[in-house]
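Here is the structure we will look at.
Quick note: the coordinates plus some simple rules give every number you see, no bench work behind them. What you see is a predicted model, and the numbers here were worked out from it, not measured in a lab. Cβ atoms come from the backbone with ideal geometry, glycine included; neighbour counts cover every protein chain shown.
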Amino acid sequence: MQTIQKQFFVDNMNRKVAVQIDYKTFSKIEGILENHALYQLMEEYDDNESLNLEEAKNYYQTLEKA
């Protein structure tokens, strides 16, 4: 396991109020959190319904383009 390099910011009572990490580490953490959230949503709504390739393509075409 790799140690995350971080810098803490404290208030006048010496309580940690914020942390600064490098952008690369932040991006990795953000990706992990997004993947975990997506996995949780997929598990929550898993109704064991599968689409074949053609059905999936047709469904994809109905989605709004962002």
What is the angle, in °, between the Cα long axis of helix 23-44 and the longest principal axis of the Cα atoms in the chain? Nearest 10 is fine, range 0 to 90.
40 degrees
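Based only on Cα atoms, what mean projected area does the convex hull of the range 6-62 have, in nm²?
If I average the Cα hull's projected area over directions, I get 7.1 nm².
Could you work out [θ]222 nm for the chain from helices alone, using -39500 (n - 2.57) per DSSP H run of at least four and dividing by all its residues? Round to the nearest 500 deg cm²/dmol.
Details: 2 runs with 32 residues, N = 66.
It lands at -16000 deg cm²/dmol.
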Could you sort the peptides 53-61, 26-34 by per-residue average Cβ neighbour count (10 Å cutoff), highest mean leading?
26-34, 53-61
Placing +1 on the Cβ of each Lys and Arg and -1 on the Cβ of each Asp and Glu in the chain, which of Leu33, Ile4, Gln61 has its Cα farthest towards the positive end of the resulting dipole?
Ile4
Figure the gain on full extension for Leu33 and Phe9 (residue separation times 0.36 nm, minus the Cα-Cα span) and round it to one decimal in nm.
6.3 nm
Angle check, please: helix 53-62 long axis (alpha carbons) against the longest principal axis of the chain (alpha carbons), in degrees 0 to 90, nearest 10.
70 degrees
If you take the beta carbon distance between Ala56 and Thr25 as r and set R0 to 30 Å, what does 1/(1 + (r/R0)^6) give as a FRET efficiency, to the nearest 0.05?
0.30
